[in-house]
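The values are calculated or read from the model by the stated rules, or taken from the named source; none is laboratory data. Owing to the predicted nature of the structure, the values given are computational and were not obtained by experimental measurement. Note that each Cβ is placed from the backbone with ideal geometry, even for glycine, and that neighbours are counted across all protein chains shown.
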Amino acid sequence: MKILFPIDYTQMLINANQPALGDLCAWIFHPGMLFNSLDKWWGDFGTREFPHEGIDFCLYQNQSDQTQKIGPETNIPVMGDGAVRAMFKDYLGQAIIVEHETDNIAKGKFLTVYAHTKPQEDVQPGVQVKKGDIIATIADTKHSKARILPHLHLSLAIPAADLSYEEFVWNIMRDPARITRLDPLNLVKADYQVPDKDSLNKWLVDSHPIRF
């Protein structure tokens, strides 16, 4: 079945993580978690080396208006029917590239990229997946030198017709000749807020399991 946008991926995440995310009302995004941002939302909160290739799901507001964080082992459902085309180690875990058929965003192939994950044992390149299948959990970053909270990085992209998935690495997603990246917030239904950066920086530092 072809993947059709927009997709209520927030509800898919909630359904895959009951009761843990049952009280999720809205995502909270640091500016550095947004598409094409040059801000870092971890470490020294400085400047990224490259614009952000997607969005980061990490923080949310619950029904009591409290800021919460998603944790490692959070289940990651795949957005639609497709095939796993590539997997590779990223900075915090592994990235999974899933290729879908679509015709309402692009005529033909479309990619969803789930990064900083711990893939399920049966998820390998070539495996067919169905919408909602749990393909991974969020990787634990507790001992990462990056001093960053666990989160799901999501990228959406249109691949070039001649794109090869052999030896696929992160830098390929930065090559406009091979990948056309799209802002996930334009294609994924999500209620969200972007609070003041300085106050959120303090919250991120205070909430990290290893103090800075």
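Some points to look at:
- Taken together, 97, 76 contain a single residue that is surrounded by 14 or more Cβ atoms within 10 Å (Cβ to Cβ), modelled with pLDDT of 95 or more, in a strand (DSSP E or B) and touching a Ser or Thr at 6+ places or on another chain (Cβ under 7 Å), which is 76.
- Options 65, 44, 23: the member that is at positive phi and out of contact with any helix residue (DSSP H, G or I) (no Cβ under 6 Å at 6 or more places or on another chain): 65
- When residues in the stretch 136-167 are screened for being within 13 Å of the chain's Cα centre (by Cα) and of a type in the set (Lys, Arg), 0 of them pass.
- Filtering the stretch 1-41 to residues that are of a type in the set (Val, Ile, Thr), touching a Lys or Arg at 6+ places or on another chain (Cβ under 9 Å) and in a helix (DSSP H, G or I) leaves only 10.
- Total residues in the stretch 94-135, condition at positive phi and under 16 Å from the mean Cα position of the chain (by Cα): 2
- Residues in the stretch 117-148 that are buried (at least 19 other Cβ atoms within 10 Å of the Cβ), modelled with pLDDT of 95 or more and either within 18 Å of residue 57 (Cα to Cα) or touching a Lys or Arg at 6+ places or on another chain (Cβ under 7 Å) (or both): 117, 119, 135, 136, 137, 138, 139.
- Scanning the stretch 172-186 finds one or more residues that are at pLDDT 95 or above, surrounded by fewer than 20 Cβ atoms within 10 Å (Cβ to Cβ) and polar (S, T, N, Q).
- The residue list 186, 171 contains one member that is polar (S, T, N, Q), within 18 Å of the chain's Cα centre (by Cα) and farther than 25 Å from residue 13 by Cα, which is 171.
Okay, residues lined up against (1) touching a residue at least 40 places away in the same chain (Cβ under 8 Å); (2) over 21 Å from residue 60 (Cα atoms):
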site	(1), (2)
158	yes, yes
174	yes, yes
178	no, yes
185	yes, no
191	yes, no
194	yes, no
200	yes, no
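- Residues of the stretch 173-205 satisfying the condition of being assigned to a helix (DSSP H, G or I) and over 23 Å from residue 163 (Cα atoms): 185, 186, 197, 198, 199, 200, 201, 202, 203, 204, 205
- Within the stretch 84-94, the residues that satisfy the criterion of being assigned to a strand (DSSP E or B) and either buried (at least 23 other Cβ atoms within 10 Å of the Cβ) or of a type in the set (D, E, K, R) (or both) are 85, 89.
- For residue 47, the test of being over 14 Å from the mean Cα position of the chain (by Cα), free of Cβ contacts under 8 Å to residues at least 40 places away in the same chain, more than 14 Å from residue 137 (Cα to Cα) and surrounded by fewer than 16 Cβ atoms within 10 Å (Cβ to Cβ) is passed.
- Check on residue 118, without any contact (Cβ under 8 Å) to a residue 60 or more places away in the chain, farther than 18 Å from residue 53 by Cβ and either among the polar types (S, T, N, Q) or not in a loop (DSSP other than H, G, I, E, B) (or both): yes
- Within the stretch 54-64, tally of residues that are crowded, with 21+ Cβ neighbours inside 10 Å and either of a type outside the set (A, V, I, L, M, F, W, C) or under 17 Å from residue 77 (Cα atoms) (or both): 6
- Here residue 148 clears all of (1) over 21 Å from residue 74 (Cα atoms); (2) part of a loop (DSSP other than H, G, I, E, B) except the condition numbered (1).
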